[in-house]
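Working notes, beginning with the structure itself.
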Amino acid sequence: MASTPPGNRRTRIHVVSDVHGNARDLARAGEGADALICLGDLVLFLDYADHSRGIFPDLFGVENADRLVELRTARRFEEARELGGRLWAGVGGDRAALIEKAVRKQYAELFPAFPTPTYATYGNVDMPQLWPEFAGPGTTVLDGQRAEIGGRVFGFVGGGLRTPMRTPYEISDEEYAAKIEAVGEVDVLCTHIPPEVPELVYDTVARRFERGSRALLDAIRRTRPRYSLFGHVHQPLARRMRIGATECVNVGHFAGSGKPWALEW
C-alpha cells in the first residue's frame, strides 16, 4: 500500500465493514489504495449464510447453529436466548472467558492482515478492550474522533445501539449521540451502523429492521458531510441514497463480497 500522497496527487481510500473473519480478502483490501478504513465487526460469531462457521458452531455444532438462526430470523429472541442458555449451561466453565479466548484467536489472524495505514473503528460484535493488544503501529483506532486523510477530515463513531441480540459493543442512544456530537463537522462521516432510514436499515435476507441511529441522521442533515459511510446491515434494501447534500453508502458486507468500496478525490 502506498503512503498518503503529498501535493496534488489524487488520493484513493478503500473502505470495508463487517469483515466477520475474512482475513484472506482483508489482506488484499488495501491494494492500490493510499489507506484502508475499516468500520468494524471483525469477529465472526455465527455466519448466517454458512452455519458451520463462527464461534457458536465451533462450540455447539451446526445443528444448534441452524436452530439459533431459525429462531432469530423469526424474531423469536426469547426462545433464542433460552436455547443459548441451555447450551452454555452444558459447556461448563466461564462463558465470558470462552468467548474471549475465541475472539482473541480471530483477532490474532485479522489484525496482522491490516495494511499500513489503516484507520479502524469498532462494530457491535467487537470487543474494544482487546484492540490495543492486537492493533499494530500502522493501525489507528478511532471512536468519537477525527483524522485527516489526504486533506479531508474523516470522523469515526463505532459500536451499535442496544438490541434484543445483546451483542458485545452495544451502547445507549445517549452515549452514541455524544460521540456523534464529539466528531462534529467532517467531510466524511464513518460509522458502523447506518442512519435511521428504513431503506438503509432493513436487511432483506434476515427480514428485519436493524437499529440505525437517529442522532447520526440528524447530524447528516445538520452538518452535511460529503459522505456518510457505514455497514452493519449485510443485505440492505438500499445500498446507497442521498440525504440532502450527503451521499450515504453501505460499504459492507465485506465477509461476503471480499471487495472494498473505493473513494477517490
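Kindly identify region 160-265 as rounded, prolate or oblate by the Cα gyration tensor criterion: order the square roots of the eigenvalues as a ≥ b ≥ c, call it rounded if a/c is under 1.5, otherwise compare a/b with b/c, prolate if a/b is larger, else oblate. Mind showing how you got there, number by number?
Values: a/c = 1.60, a/b = 1.08, b/c = 1.48.
Cα axes put region 160-265 in the oblate bin.
Take each of the peptides 19-32, 190-203, 140-153, average the number of other beta-carbon atoms within 10 Å over its residues, and list them starting from the highest. Mind dumping the intermediate values first?
Values: 19-32: 19.1, 190-203: 22.1, 140-153: 16.9.
Answer by packing, highest mean first, reads 190-203, 19-32, 140-153.
If the elastic network links every pair of Cα atoms under 10 Å, which of Phe60, Phe111, Phe156 fluctuates the most in the Gaussian network model of the chain?
Highest fluctuation among the options: Phe60.
What is the extension gain from Arg9 to Glu199, computed as 0.36 nm multiplied by their sequence separation minus the C-alpha to C-alpha distance, in nm to one decimal?
Roughly 64.8 nm would be gained on extension.
Which one, Gly138, Gly155, Gly231, has the greatest fluctuation when you compute a Gaussian network model over the chain with C-alpha springs under 10 angstrom?
Maximum among the listed residues: Gly138.
Just to check I understand the Karplus step: with θ = phi - 60° and J = 6.51 cos²θ - 1.76 cosθ + 1.60, what whole-Hz values come out for region 157-168, glycine and proline as x?
Whole-Hz 3J(HN,Hα) from phi for region 157-168: 9, x, x, x, 8, 5, 9, x, 6, 6, 6, x.
Just the Cα atoms of region 10-151: what Rg and Dmax do they give in Å?
Spelled out, the Cα radius of gyration and Dmax of region 10-151 are 17.2, 56 Å.
Determine which residues of region 40-57 fall in the zone a paramagnetic label at Ala206 would reach in this model, i.e. backbone nitrogen under 15 Å from the point 7 Å along Cα→Cβ.
What the label zone holds, given the 15 Å backbone N cut-off, is 40-50.
Quote the relative contact order of region 107-265 in percent (integer), defining contacts as alpha-carbon pairs under 8 Å separated by 6+ residues.
Once normalised by length, the contact order is 17 percent.
Using a 1.4 angstrom probe on heavy atoms only, work out the carbon and sulfur share of the accessible area of region 107-265 in %. Kindly include the intermediate steps, with their values, before the conclusion.
Details: 3230 of 6750 Å².
Using a 1.4 Å probe with all protein chains present, region 107-265 comes out at 48 percent carbon and sulfur.
Which one of Thr11, Ile55, Gly123 is farthest out on the positive end of the charge dipole of the chain, using unit charges on Cβ (Lys, Arg +1; Asp, Glu -1) and the Cα centre as origin?
The listed residue farthest towards the positive side: Thr11.
Write down the accessible area per residue of region 135-265 in Å², having rolled a 1.4 Å probe over the full set of protein chains. Walk me through the numbers before you get to the answer.
Numbers: 5750 Å² over 131 residues.
That works out to 44 Å² for each residue.
What is the packing order of peptides 96-108, 46-58, taking the mean over residues of other C-beta atoms within 10 Å and listing the highest first? Intermediate results must be reported in sequence, preceding the final value.
On the way: 96-108: 14.8, 46-58: 17.7.
So the order, starting with the most tightly packed, is 46-58, 96-108.
Using the Cα centre of region 148-238 as the reference point, and only Cβ charges (+1 on K/R, -1 on D/E), how large is the resulting charge dipole? Debye, rounded to the nearest 20.
200
Provide the gained length on full extension for the span Thr167 to Ala182, in nm with one decimal, where the gain is 0.36 nm per separating residue minus the Cα-Cα distance. Numbers along the way, then the final one.
Values: separation 15, 0.36 × 15 = 5.40 nm, distance 2.40 nm.
Full extension from Thr167 to Ala182 adds 3.0 nm.
Could you pull out every residue, at least 5 positions away or on a different chain, whose amide H is within less than 5 Å of the one on Gln145? Hs are placed 1.01 Å off N in the peptide plane, and Pro or chain starts have none.
The answer is Phe156.
Between [x] 0.96; [y] 0.94; [z] 1.38, which entry matches Rg/Rh (Cα atoms, Kirkwood Rh) as derived from the coordinates of this structure?
Answer label, from the structure shown: [x].
Once you charge only the Cβ atoms, +1 for Lys and Arg and -1 for Asp and Glu, what is the size of the charge dipole of the chain about its Cα centre, to the nearest 20 debye?
Details: 33 positive and 35 negative charges, 106 e Å.
For the chain, the charge dipole is close to 520 debye.
Counting only protein heavy atoms and a 1.4 Å probe, tell me what percentage of region 30-81's accessible area is made up of carbon and sulfur. Could the numbers behind the result be given before it?
Values: 1000 of 2220 Å².
About 45 percent, which is the carbon plus sulfur part of the accessible surface.
Which value at 222 nm does the chain reach when only helices count, each DSSP H run of 4 or more adding -39,500 (n - 2.57), with the total divided by all residues and rounded to the nearest 500 deg cm²/dmol? Mind dumping the intermediate values first?
Details: 10 runs with 86 residues, N = 265.
Mean residue ellipticity, 222 nm, calculated: -9000 deg cm²/dmol.
The values are calculated or read from the model by the stated rules, or taken from the named source; none is laboratory data. What you see is a predicted model, and the numbers here were worked out from it, not measured in a lab. Cβ: placed from backbone, ideal geometry, glycine included. Neighbour counts: every protein chain shown. Please note that ligands, DNA and RNA were not included when accessible areas were found on the heavy atoms of the full protein model with its side chains. Shrake-Rupley method; radii C 1.70, N 1.55, O 1.52, S 1.80 Å.
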